[in-house]
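Note sheet for the following structure.
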């Protein structure tokens, strides 16, 4: 990774197994930041700005998207949606030359709150701050902003607090503790486990190369899927009619699904890509029949 924080970028896995891109904010994020702001609920806007705010001014956008990456560090969490990058979380800290402490703040899109995005952004900001001699983070949090309070509490850092007129002033050292290190490792293990849950505990299976011909790998895999008690829909991807799949396993009631989920589309796209990549020898894949099957309840 480049030492210039303007090039800061990393992929992260969240505790629910989803992935996000964390990177430094850029001047060309103005429109994306405006969209992010307008997707925030009034409650989330109040939590972030300590009061109501109807929009971001040109001055706000200049300040938020053009940090100096010396005293003002800003990171965004993004997703790709429909080919476009969308900001779903922002975290930043601001310090000055006279104080080794920095003010930290976050704003996460409502539909993505509770996934651990604030925690991930905090971990990255802490790492950057330590490397740059920032020894303490401070944050002002409204008393009813329980999600943000949970982010700091679950960091397992030594968080101090003071309350004034409904605002909680938090302060904590940026130095890693044994408890914070163990908490971060536990989050990483959970994220890794959740990221492969879809593979190890699938709701449906597309079996590319399925076959009814005895002795083939495709037939053995399909037989084992049926015999092992998998209860979800199975989508055999093959180059010809499969015949009665029921004969490959223990007698069970089968039914053809007419409404295909996205796994069928994924298998079809795979076949098309394979045909384009491998030439005429794969042409038969374009004529594949998709016969989605599911056990009746």
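Since every read-out is calculated from the coordinates, none of them should be taken as a lab result. Not measured: the values here are computed from a predicted model. Note that each Cβ is placed from the backbone with ideal geometry, even for glycine, and that neighbours are counted across all protein chains shown.
Across the stretch 1-92, the fraction of Cα-Cα pairs farther apart than 20 Å, rounded to a whole number, is 39%. Length gained on full extension, residue 34 to residue 147: 38.4 nm, using 0.36 nm per residue less the C-alpha separation. Distance between the pseudo-spin-label points of residue 186 and residue 213 (7 Å out from Cα toward the beta carbon): 5.4 nm.
Taking each residue as 0.36 nm, the span from residue 60 to residue 110 lengthens on full extension beyond its C-alpha to C-alpha distance by 15.9 nm. Between residue 52 and residue 103, the modelled label-to-label distance comes to 2.2 nm, taking each label 7 Å out from Cα in the direction of the beta carbon.
Between residue 71 and residue 194, what's the calculated FRET efficiency when r is the beta-carbon distance and R0 is 35 Å? Round to 0.05. It comes to 0.45.
Of interest is the spacing of the C-alpha centroids, which for the stretch 156-232 and the stretch 13-61 amounts to 26 Å.
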